[in-house]
Amino acid sequence: MHFLLGKPPGDRLLLMGNEAICRGALEAGVAVASAYPGTPSSEISNNLFALSQEAGNRLYFEFSVNEKVAMEVAAAAGAAGLRSLTCMKHVGLNVASDVLLTLAYVGTEGGMVIVTADDPAMHSSQNEQDNRLYARFANLPMLEPTTPQEAKDMTAAAFEISEALKLPVILRTTTRTSHMRGPVTLGPIPAEKRTRGAFQADYMRWIPVPLTAKIRHGILLEQIEKGRDLAEASPFNRIEGTGPLGILASGAAACYVADAIRELGAEDEVTFLRLGFTFPPARNLFRRLLAGTERVLVVEELEPFQEEALRLVAQEAGLATPILGKGTGHFTRLNEYSPAEVTRVIAELLGRDPAPPEQPDFSELPELPLRPPSLCPGCPHHATFTAARTALEELGLAERTIYPADIGCYTLAVLPPIQMSDYLLCMGSSIGTSAGFSVATDQNVVAFIGDSTFFHAGIPSLINAVHNRHRFCLVILDNSTTAMTGHQPHPGATLTPPGYDRAVVPIERVVRACGVDMVKRIDPYRTEEAVAAFKEAFTSGALSVVIAEAPCLLYKKKLAGRAKA
Ligand code: SF4
C-alpha cells in the first residue's frame with residue numbers, strides 16, 4: 001500500500017511538502033490529475049501516478065506530453081464536474097499560460113487546482129520567475145503554503161474555494177516548501193467521490209469567442225472580488241502578536257519571520273500578518289496592519305508582489321505608514337532568503353544586535369573538492385557526444401559548429417570535457433534556434449534534444465524546419481525516459497515502470513511524418529557505425545535527424561532493482 005494511505009485519520013506522517021499536496025488532493029476527493037514532470041514539482045506527479053495504480057483510489061492520472069496539454073486534460077475534467085489537479089514547475093506554467101488565461105474566463109464546475117512550484121535561487125531551473133504574477137495576470141485565487149501541514153490543508157481548501165467561485169485555484173509553492181519535511185496530521189479520505197462527470201454544453205460559457213468572452217471577462221472580475229471576501233475571512237491569513245513594527249510575510253519567508261520573532265523574543269514588539277491566501281489581497285487585513293503599526297516590513301522572496309499591493313492599500317486608505325522591503329533596499333529581488341538574513345533585518349529594525357548563530361568549527365577539516373554537475377558515469381549521452389565530435393573532427397567541421405541545446409541531462413554537455421552545448425532558452429528551443437542560426441550564419445549547426453523534450457515541444461519546431469527548408473542536424477537522444485526529473489515515462493518510452501500500460505509512439509515515425517527524409521537511428525555504443533551515420537547526416541546538405549537510442553543507465557538499473565524486489 002502507498003505510504004500516504006497507510007495510517008488512519010488523526011495520525012501523523014512525516015511528509016515532504018509535495019507528498020502532503022498529494023494527500024490533501026486525496027482528502028478532497030480528486031478524480032483526475034495530470035502533469036508534466038519538472039523539479040521541484042516532480043514528487044507530486046510521481047506519487048499521484050503511484051496512487052493511481054491502487055484500485056481503491058479511483059484516481060485517473062496521466063503524464064501528459066507537456067504542461068499545456070496537462071492543463072487542458074484537467075480543465076476538461078473540471079468542466080465535466082470532477083475534482084481535478086494539474087501540477088508543473090514554474091516555467092511549465094509559461095507553456096500552459098495560453099490555456100490558463102482563457103480557462104480563467106470559462107472557469108470550472110468541479111474544483112480544479114493548478115500547482116505551480118517556483119524555484120527561487122534556481123536550484124534546477126533556467127530562471128527564477130515569480131509565478132504569483134500569474135495569479136494577478138489571470139485573476140485567479142492563489143494559496144501559498146509554508147509548511148507540509150499547510151500544503152495538505154491548503155490543497156484540500158483550494159478545491160472548496162474553486163468550487164465556491166467556479167474558478168481554478170493556483171497553489172503556489174517554492175522549492176523550500178516543496179521539499180521540506182514536517183509532521184502532517186491526516187484527515188479522512190472520503191469513501192465516496194465523483195469519478196464520472198457530465199458536461200453540460202453551454203455556448204455562452206464554454207466557447208470564448210469575442211461575444212461570449214466579453215461577458216465571461218466581467219463574470220471573472222465579479223468572481224475574483226468574491227474571492228477577496230474569502231481571503232479576508234480565510235484562516236490561512238492571520239495576525240499574530242501586537243507591536244509597533246508590522247511585518248507581512250508569505251511562503252517560506254513567513255517561517256523565517258516566525259523563527260526570528262521567537263529568537264529575538266519580540267512577540268510584544270511585532271504585529272505579524274502571516275499570509276497564506278495570497279491573491280486577491282485581503283485589503284481589510286492590510287489596512288488593519290497599516291493602521292495599527294508605526295511601519296511595516298514586507299518579507300517575501302523574489303518580486304515585490306505583496307509590497308506593491310500593500311502600497312496600493314495604503315494609498316487608497318490615505319495611510320502614510322512607512323512600508324519597508326525591496327523598495328527601501330531592506331531585501332533583494334534575487335535568490336532565496338535565509339533565516340539569518342531575515343533575522344538580521346528584523347533585529348536592526350528593532351534596534352537589536354542579533355547574536356550571531358553559533359557556528360561549528362570546521363577549520364581543521366580539509367577543503368571539499370569542487371563537484372560540478374556532470375553526466376553519470378556510463379551515461380549513453382557520453383557515447384553519442386563522442387561519436388558526433390569524432391565525425392565533426394574527421395570532417396574538419398568541429399571548429400565552425402554551433403550546438404543549440406535543450407533541457408535535460410544532456411544540457412550538462414556545456415561543461416568540459418564535452419563542451420557541445422552553446423545556446424539554450426527553454427524546452428524545445430534547440431530546434432527553433434537551430435533554424436535561426438542556420439539562416440543567420442554560414443556555420444554548421446548540430447542541435448541536441450532529449451526524447452521527452454522532443455515530444456514536449458520539439459515537434460512543431462521540426463515541422464517548421466521542414467516547411468521552411470532549414471538545414472541543420474538534429475540529434476534526438478532517446479534514452480527511453482524523462483531522466484532529469486526522476487525517470488518518468490513519455491509517449492516514446494519502451495522502458496516503463498511496472499503497471500504503466502500506455503501506447504508507444506515511436507520517435508522515428510513521428511520524425512518521418514513531420515517530413516524529414518534523412519533519418520538515421522544509431523546505437524551510440526557501436527562507435528564506428530555511429531560515426532559513419534553522423535558523417536552522412538552532417539554532409540547530407542539537408543535537414544537531417546539522428547536518433548541515438550540507448551536507455552538511461554541509471555533508470556535501467558532502477559527498473560532491474562524493482563524487478564528483483
Ligand atoms: S540520469 Fe541517465 S540520462 Fe541522466 S546523466 Fe544519468 S545516466 Fe545519463
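The values are calculated or read from the model by the stated rules, or taken from the named source; none is laboratory data. None of these values were measured; they are calculated from a predicted model. Positions of Cβ are backbone-derived with ideal geometry, glycine not excepted, and every protein chain shown enters the neighbour counts. Accessible surface is based on the protein model in full, side chains and every heavy atom, while ligands, DNA and RNA are left aside. Shrake-Rupley method; radii C 1.70, N 1.55, O 1.52, S 1.80 Å.
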Item checked: Given the chain, longest segment not containing exposed loop GluC sites (Glu not before Pro) (DSSP; at most 16 other Cβ within 10 Å) -> 368-565
Note to self: Restricting the calculation to Cα positions, tell me the Rg (one decimal) and the Dmax (whole number) of region 1-66 in Å.
What the structure shows: 11.6, 38
Notebook entry, point to check: For Val439, what is the net charge nearby, where nearby means another residue's Cβ is under 11 Å from its Cβ and Lys, Arg count +1, Asp, Glu -1?
Noted result: +1
Next item on the list: Any chance you could check the Cα centroid distance between region 223-247 and region 45-64 for me, in angstrom?
Entry: 35 Å
Notebook entry, point to check: How big is the Rg/Rh ratio for region 237-350, C-alpha atoms only, Rh by Kirkwood, two decimals?
Noted result: 0.92
Margin query: Per q in 0.09, 0.10, 0.12, 0.13 Å⁻¹, report the Debye log10 I(q)/I(0) for region 327-456, using one uniform scatterer on each alpha carbon and no solvent.
Written below: -0.51, -0.59, -0.70, -0.74
Notebook entry, point to check: Under a point-charge model restricted to the Cβ atoms of Lys and Arg (+1) and Asp and Glu (-1), what is the dipole moment magnitude of the chain relative to its Cα centre, in debye to the nearest 20?
Noted result: 1520 debye
Notebook entry, point to check: Can you give the calculated 222 nm mean residue ellipticity of the chain, where each DSSP H run of n ≥ 4 adds -39,500 (n - 2.57) and the sum is split over every residue, rounded to the nearest 500 deg cm²/dmol?
Noted result: -12000 deg cm²/dmol
Item checked: Accessible area expressed per residue, the chain, with surrounding protein chains retained (probe 1.4 Å, Å²) -> 43 Å²
Item checked: Equivalent ellipsoid semi-axes - Cα gyration tensor, region 11-233, angstrom -> 25, 20, 17
Check: Counting only the backbone N, which residues of region 263-280 are under 18 Å from the spot 7 Å out from the Cα of Thr328 toward its beta-carbon?
Finding: 269-274
Notebook entry, point to check: Amide H to amide H, which residues 5 or more places from Gln488 or on other chains are under 5 Å from it, using H placed in the peptide plane?
Noted result: Thr482
Next item on the list: Could you calculate the FRET efficiency of Cys376 with Ala317 from 1/(1 + (r/R0)^6), where r is the beta carbon distance between them and R0 is 60 Å, rounded to 0.05?
Entry: 0.55
Notebook entry, point to check: So how much slack lies between Asn464 and Asn127, counting 0.36 nm per residue of separation and subtracting their Cα-Cα distance, in nm?
Noted result: 118.7 nm
Item checked: Calculated FRET efficiency for the pair Ala164/Leu495, C-beta based, R₀ 56 Å, to 0.05 -> 0.80
Note to self: Compute the orientation-averaged projected area for region 195-265 from the convex hull of its Cα atoms and round it to one decimal in nm².
What the structure shows: 9.0 nm²
Check: How much length is gained on full extension from Ala191 to Leu368, taking 0.36 nm per residue of separation minus their Cα-Cα distance?
Finding: 58.4 nm
Note to self: Through the Karplus equation 6.51 cos²θ - 1.76 cosθ + 1.60, θ set to phi - 60°, convert the phi angles of region 177-193 into ³J(HN,Hα) values in whole Hz; use x for Gly and Pro.
What the structure shows: 6, 5, 9, 6, 10, x, x, 10, 7, 7, x, x, 9, x, 5, 10, 8
Note to self: To test your reading of the geometry: what angle, between 0 and 90 degrees and rounded to tens, separates the Cα axis of helix 148-165 from the longest principal axis of the chain?
What the structure shows: 90 degrees
Check: How much of the calculated P(r) for region 143-191 lies past 17 Å, in percent of all Cα pairs?
Finding: 39 percent
Check: What is the calculated FRET efficiency for Thr539 to Arg58, with r their C-beta to C-beta distance and R₀ = 56 Å, to the nearest 0.05?
Finding: 0.50
Checklist line | Rg/Rh for region 380-563, where both radii come from Cα atoms and Rh is the Kirkwood radius | finding: 0.95
Check: In whole Å, what is the distance between the alpha-carbon centres of region 496-539 and region 324-356?
Finding: 53 Å
Notebook entry, point to check: Binned at 10 Å from 0, what are the whole-percent values of the Cα-Cα distance distribution for the chain, short to long?
Noted result: 3, 16, 24, 23, 19, 11, 3, 0
Margin query: For region 75-155, compute the orientation-averaged projected area of the C-alpha convex hull (one quarter of its surface), in nm².
Written below: 5.6 nm²
Check: Angle between the Cα long axis of helix 67-79 and the longest principal axis of the chain, 0 to 90 degrees, nearest 10?
Finding: 50 degrees
Notebook entry, point to check: Counting only protein heavy atoms, what percent of the accessible surface of the chain is carbon or sulfur at a 1.4 Å probe?
Noted result: 56 percent
Checklist line | Linear extension gain, Gln443 paired with Ile219, 0.36 nm per residue minus alpha-carbon span | finding: 75.3 nm
Next item on the list: Describe numerically, in nm with one decimal, the distance between label points set 7 Å from Cα along Cα→Cβ at Ala201 and at Lys226.
Entry: 2.7 nm
